[in-house]
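The structure appears right after this line, and notes come after that.
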Amino acid sequence: MQDIILVFLYTIAILTSIVLIGLILLQPSKSGGFGSAFGGVGESVFGAQALGHLTKLTIILTIVFFITILMLVVVTGHRNTPKSIIENIESVQPATATNAPVATQTQTAPITAPVAKEEKASAK
């Protein structure tokens, strides 16, 4: 379930950032901005009220972008999986160390070769 939420949030964040880039480039600056590239200067390209609408839309999309990123931080912060390779290695090492048998010194009996049946019969 978390994976579906993550994909949805990442998609919203990427789409919002692309639209924000476009909106910021369209807004006129002191020299006319990207809107002047279409043959007009400033507000005359998009109409007199366009500046107010573009600014409002930029503010709304910026708020949506920040809320989406904060939700991504919360969702990825509450995952149960290890967050890094080092944490993954640290969680594996103690488990193998505790399960390893402890080496103790024991006396071993001398190893003798098995005796064949014929030798046993002749020994009797």
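Brief remarks follow.
- Here 51, 25, 15 are screened, and the one residue that is aliphatic (A, V, I, L, M), modelled with pLDDT of 90 or more and either in a helix (DSSP H, G or I) or surrounded by 13 or more Cβ atoms within 10 Å (Cβ to Cβ) (or both) is 15.
- Total residues in segment 1-12, condition over 14 Å from residue 80 (Cβ atoms) and either exposed (fewer than 11 other Cβ atoms within 10 Å of the Cβ) or polar (S, T, N, Q) (or both): 3
- Annotation note: of 76, 112, the sole residue that is surrounded by 10 or more Cβ atoms within 10 Å (Cβ to Cβ) and modelled with pLDDT of 65 or more is 76.
The values are calculated or read from the model by the stated rules, or taken from the named source; none is laboratory data. Keep in mind it's a predicted model, so treat the numbers as computed, not measured. Methodologically, a virtual Cβ is constructed for each residue, glycine included, from the backbone with ideal geometry; neighbour enumeration extends over all protein chains shown.
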